[in-house]
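The values are calculated or read from the model by the stated rules, or taken from the named source; none is laboratory data. Computed from a predicted model, the values in this text were never measured in an experiment. Ideal geometry is used to build each Cβ from the backbone, glycine not excepted, and the neighbour counts take in all protein chains shown. The protein model used for the area step is the full one, side chains on, heavy atoms only, and it has no ligands, DNA or RNA in it. Shrake-Rupley method; radii C 1.70, N 1.55, O 1.52, S 1.80 Å.
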Amino acid sequence: MMCSVIVNIMEYGLSRALLSKKKLVVIIALIGFTMFLACSSDNNEAETVIANLSTVNSLDSNVYVNEKEFDSTDDVLLNTVETAEGSTSRDSDIDLDTSTTPEFSDPEIGETDLEINVTSIVTESIPKGVYGGVLRFASEYEDLNQDVHFEVSPTLASFGPGIIYSRVLRFTTGPDVSQPSLDIECDVCESWQMTTPTSFKFKLRDGVRWHNEDALNNRILSSQDVVYSLSRQLTGPNSVLLGSISEISVVNDLEFVIDLKFPDADFIMGLADARSKILNSEVVDNNGYLTNSSMVGTGPWKLSADSRQGVHKFEKNQFYFESDFPYADGLNLYLIPDEMTRETSFVVGQLDAIHLNDTQLRQFESNFDVADYLFVPETGMGVEISLNPNTKPFDDIDVRKAVLSAIDPWSYISGIWSDAGYVSLGMPMINNDWLIDVNETSKYFNNISNAKSLLDRLSIDPVKIKVGKFGANYIEHAEMLKKDLTNVGFDVEIEEVSRIDFVDNVWKGGDYQIFIGPAPYVNSPNIYLFSVIHSEGLWHHGNPLVQELDLAIEIQSGEYDHTKRRLQHQRIQKLIWESFTRFMPVTRKSIWLVQDWLENFYPTSAGFEYNYLSESWIKQ
């Protein structure tokens, strides 16, 4: 049974009435971006829910998850299956006959420094690939609500019918992008220009055509469509993506202006998010609400009339504004809720790639031969450990130092998390070169003699690790941490807490000495810093260097020069490390199984990006 999960934004806002408008908007944005995990059902299969901010009325029980991120269930028993004998073949399609298969549900800025009155123009790097064929992927989830502006879940937007739409901007993908990355490039825009720190002028590509040309009288995309779409989005739950925008106005058919409430170096990430779709105003006004039959976009894929129960089928948009894409003639996204069916479909060659979380990876390896995996580093998502400096004994910095010295997080990554992670602070990073060097972070860990020396003169009461019940890996991580801390002199006990209690009492209430759990999904550095690290953040639990951090956070938030901002972020990282209060021992790497015939496949989780699908091709 899925738990009811709702949030009272007004109560948050009133309780922080003294916050500046800037901080309040950023904090409200975090609430919207927090991904909610529902309570497990009786058979421990988790359902995923994300807060719908249009109906919120209670402050109780926010539970979060990125549904492509960490395993959200306890161990699930799987029946052993026999796979088809012989070589894996791509010539077969997935059989949707429910008599033989489980039932299917129905369904830049980049590195460019912005200067006032200087235009940034994106130029695409086009690889030479192979044309033809049909791509085949699978999703576990189906969104019954097909209106992309009013559905918070990213499944519809990035792995469902929502991929037919374009956005103003998109996250950069491809072989030249070093992950993790939040680099951004133009989608339907041709260029953008900062005229003041709070005003940006965008110019659209000329001649972008809608899919259903006959019904729309061959009308092309205009700035009126963009302003209409973003204004409509601001009326629904996905308005949090555009939280710093004050006004959007038309200049002419190909130009529009976005004005901000305050300088915000991260506002473009909201425009690039997969849920910030550009809709055709006539189609929406004629239908009132979007359904499959009324979905018309300008993206590389068009919905196919051949779509049926259990599969979304797409065909290549022959008139896509980037004429070299997509490479494939078609794309099938199958709805396969059953994990074993997805994995078996991949093994016998009916799927080109599948995404696995950590538990699914272990289960795959217990049923099939070990395979080569594609690991994609993500940013800001993973397992977080926090030491509460407001409680004894962690009000003593030497005790906090001893905790880090006692552990080797890289051994946890290899021993528990299948090498699918790296060590960081959990801050979303624009570029992987924003991370401080690993040698700077490794010095804090794996020094047993130092940990014992720090604790030698101290008399410490027993400490408790609170770990959220987000899956077996989290519990195993807590047990390994207990063993390492006991080894240096701590007296440790573990308390397993429900997901609801973890968020309400631990994350929100600060009732813990040490906690281990997943971090909430946030899409930008500013949202994370103002909500978690800043002293007035809703999820701030104390930091001895808070004055320096507050000032550094406020200065970087409106810095548009990437070189300057990178240095500011590295200083913030060093301050957080030196406070010994929180870090992410396992920053997520997405795990993909990819067939040999699928090439130029470079997925990214940034903003739930999906453009990589049009850039992939099938080797003939």
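If one computes P(r) from the Cα atoms of the range 154-219, what percent of pairs lie at distances over 20 Å? Roughly 49 percent, rounded to a whole number. A 1.4 Å probe run over the range 144-202, with the rest of the protein chains in place, finds 22 Å² accessible per residue. Counting only protein heavy atoms and a 1.4 Å probe, the range 486-592 has 31 square angstrom of accessible area per residue. So, counting K/R as plus one and D/E as minus one, what does the shell of residues with Cβ under 10 Å around residue 254 add up to? Net of charged neighbours comes to -2.
Across the range 475-486, computed HN-Hα scalar couplings (Karplus, 6.51 cos²θ - 1.76 cosθ + 1.60, θ = phi - 60°) run 5, 5, 4, 5, 5, 5, 5, 4, 4, 5, 6, 4 Hz from first to last residue, x flagging Gly and Pro. Distant-in-sequence amide contacts of residue 138, defined by a placed amide H-H separation under 5 Å and a gap of 5 or more residues or a different chain, comprise 334. Taking the Cα centre of the range 251-337 as reference, the dipole from Cβ charges on Lys and Arg (+1) and Asp and Glu (-1) amounts to some 480 debye. With 22 Å as the limit, the listed pairs 316/589; 392/452; 469/508; 277/313; 392/443 have 316/589; 392/443 beyond it between alpha carbons. Distance between the C-alpha centres of the range 219-272 and the range 402-433: 37 Å, rounded to the whole angstrom. Across the accessible surface of the range 215-335, with the other protein chains kept in place and a 1.4 Å probe, carbon and sulfur atoms take up 45 percent.
Taking the protein heavy atoms of the range 494-620 in the context of the full set of protein chains, the accessible area attributed to carbon and sulfur is 47 percent at 1.4 Å.
Take the range 264-368 with all the other protein chains still there, run a 1.4 Å probe, and you get 30 Å² of accessible area per residue.
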